[in-house]
Amino acid sequence: FVFGAGIHHMDMKSAQICYASPEFQLTKAAIAQLGRWYGMPTWGYAGCSDAKVMDEQAAVEAMLSVIMAKLSGANLIHDVGYMESGLTTSFEMIVLTDELVAMTDNLIKGIEVSDDTLLLDELDQVGPGGHFLDTKETLERFRNFWYPSLLDRKRRPQWLEAGATTLGQRLTARVLEIIKEHQTKPLDQEKKQKVQAILAQAAKE
């Protein structure tokens, strides 16, 4: 059993149910807290928006919902890609949420404080005014940073040379790439048999 509730409130100006308001995010966190108190896993929402199209509003609201889902500790997250208060969906929103989840995964790890990360000897060796770009410790650790697959960090000349694309354009390109190239990995025979056994048992009950 997975515990949860969809506690939406209504925008009093439009009479529209809100999927991305601060109040809705707080109710999701409260439900997750109740689930922990009851000792049950909880479901929640993330990657959804009240926006009608995949625009700046959608991106802002998606990020808010992903961060709140992560911080609340909900176990099962759904409604990814929901737009327009759950009336429509967006492949681009699903792809964006994947990027945001990866970003927030890195964020909630926090900062490790240990002898291995403080590196006081290296700080002393480099000294004031020095740099760490060519140290052994930097070479061993520089890949530990999170690197986006869709968000842009190029300098402007490189961004212009690459086509000066917006995030929306890159999202659409990624969606089309997935539709064209993705191949679903088939279940092996043993797993198929287990699924069939579960379905057969459920049919008897």
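The values are calculated or read from the model by the stated rules, or taken from the named source; none is laboratory data. Worth saying up front: this structure is predicted, and the values here are computed from it rather than measured. Here the Cβ is made from the backbone with ideal geometry for all residues, glycine too, and neighbour counts use every protein chain on show.
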Of the candidates Glu84, Glu92, Glu122, the one satisfying the condition of being touching a residue at least 60 places away in the same chain (Cβ under 8 Å) and touching a Lys or Arg at 6+ places or on another chain (Cβ under 9 Å) is Glu92
Looking across the stretch 133-169 at residues that are farther than 30 Å from Glu92 by Cβ and under 26 Å from the mean Cα position of the chain (by Cα), the single one that is surrounded by the most Cβ atoms within 10 Å (Cβ to Cβ) is Arg141
Within the stretch 8-35, the count of residues that are more than 18 Å from Ile67 (Cα to Cα), loosely packed, with under 15 Cβ neighbours inside 10 Å and touching a residue at least 12 places away in the same chain (Cβ under 8 Å) comes to 3
For the stretch 163-205, the count of residues that are out of contact with any Asp or Glu (no Cβ under 8 Å at 6 or more places or on another chain), of a type outside the set (D, E, K, R) and closer than 20 Å to Gly81 by Cβ equals 8
Note on the stretch 15-27: residues in a loop (DSSP other than H, G, I, E, B) and within 16 Å of Met83 (Cα to Cα) are Gln16, Cys18, Tyr19, Ala20, Ser21
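Could you grab me the full set of residues in the stretch 110-131 that are β-branched (Val, Ile, Thr) and more than 20 Å from Phe145 (Cα to Cα)?
Looking only at the stretch 110-131, we keep the residues that are β-branched (Val, Ile, Thr), and these are 111, 113, 117, 126.
If the condition is that a residue be β-branched (Val, Ile, Thr) and more than 20 Å from Phe145 (Cα to Cα), then Val126 is the only one that fits.
Results for (1) at pLDDT below 90; (2) closer than 28 Å to Met63 by Cβ, shown as yes or no for each residue.
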position	(1), (2)
Leu133	yes, no
Thr166	no, yes
Lys192	no, no
Ala200	no, no
For the stretch 83-124, the count of residues that are within 23 Å of Phe24 (Cα to Cα), charged (D, E, K, R) and surrounded by fewer than 18 Cβ atoms within 10 Å (Cβ to Cβ) equals 3
Checked the stretch 151-178 for anything free of Cβ contacts under 8 Å to residues at least 24 places away in the same chain and part of a helix (DSSP H, G or I); matches are Arg156, Pro157, Gln158, Trp159, Leu160, Glu161, Gln169, Arg170, Ala173, Leu176, Glu177
Given the conditions (1) among the aliphatic types (A, V, I, L, M); (2) in contact with a helix residue (DSSP H, G or I) (Cβ under 8 Å, 6 or more places away or on another chain); (3) within 26 Å of Ile108 (Cα to Cα), every one holds for Ala51 apart from (3)
Picked from the stretch 24-43 (must be under 20 Å from the mean Cα position of the chain (by Cα) and not aliphatic (A, V, I, L, M)), the residue nearest to His78 (Cα to Cα) is Trp43
